[in-house]
Amino acid sequence: MVSQGTVRAARPEDAEAFAACHLECWREAYDGLWGPERLTEVDVAEMAQERREQIEAGSATNVLAEENGEVIGVAISGPSRDENPQVPEEVYAIYIRQEHYGSGLADDLLQATIGDRPATLWVYRDNPRAAAFYMHRGFIQDGAERQDSEGILQVRMIRRTQFDASQA
């Protein structure tokens, strides 16, 4: 399926819509994994402020996908946050609204953040859809694990070399 959205760099004035989409994507992706109480505790205004500050500072790459003026996907990447990183870049987040799964927008967001460069990312062990998406784009699990703030297990995935999408 060909993506129908437009991917572009996020601007400070996009912070509220970016954060709202990010939160809705979390609800769609993690409702069963996180539980409703964790999602109701999220302060979308605080998320928006953090996003605006990050966009203004240029400390990470923030991109969004929009369709008819509505933000339908978000992605963030930047310098690796791992101690002694194996590669310099990390994908912090890629989320699209559930109704756009399979549209190609996640590929567009990945391309807009890190392109085909080496990178790492952390994914929930119990999120096979996301792990499969990244594996098809040259990422493999490297054996590192950690728990998020609520004790849910995450695994690290890494792409050590340039990725040739024509081989996927």
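The values are calculated or read from the model by the stated rules, or taken from the named source; none is laboratory data. Source: prediction; values computed, not measured. Cβ atoms come from the backbone with ideal geometry, glycine included; neighbour counts cover every protein chain shown. With ligands, DNA and RNA removed, areas are computed over all heavy atoms of the protein, side chains included. Shrake-Rupley method; radii C 1.70, N 1.55, O 1.52, S 1.80 Å.
Here is how the number arises for the chain: DSSP H runs of 4 or more residues each give -39500 (n - 2.57), the sum is divided by the residue count, and the result at 222 nm is -10000 deg cm²/dmol. Other residues lying with their Cβ under 11 Å from the Cβ of ILE76 contribute a combined charge of -1, Lys and Arg counting +1, Asp and Glu -1.
Taking square-rooted eigenvalues a ≥ b ≥ c of the alpha carbon gyration tensor, is segment 21-80 rounded, prolate or oblate, where a/c under 1.5 means rounded and, failing that, a/b exceeding b/c means prolate? Here segment 21-80 falls in the prolate category. When peptides 95-104, 61-70 are sorted by average Cβ neighbour count within 10 Å, with the highest value leading, the order is 61-70, 95-104. Average accessible surface for segment 55-168: 51 Å² per residue, computed with a 1.4 Å probe over protein heavy atoms with every protein chain in place. The magnitude of the dipole of segment 60-127, with charges of +1 and -1 set on the Cβ of Lys/Arg and Asp/Glu and taken from the Cα centre, is near 160 debye.
Give the separation of the Cα centroids, segment 119-156 to segment 1-42, in Å. Computed from Cα coordinates, the inter-centre distance equals 19 Å. For a distance above 19 Å, tell me the whole-number percent of Cα pairs in the chain that qualify. It works out to 56 percent of all Cα pairs.
Please work out whether segment 92-168 counts as rounded, prolate or oblate from its C-alpha gyration tensor, where a ≥ b ≥ c are the square roots of the eigenvalues and a/c under 1.5 means rounded, while otherwise a/b larger than b/c means prolate and anything else oblate? Oblate shape, in that a/c is at least 1.5 and b/c is the bigger or equal ratio.
Each Lys and Arg contributes +1 and each Asp and Glu -1, all at the Cβ; summed about the Cα centre of the chain, the dipole is approximately 620 debye.
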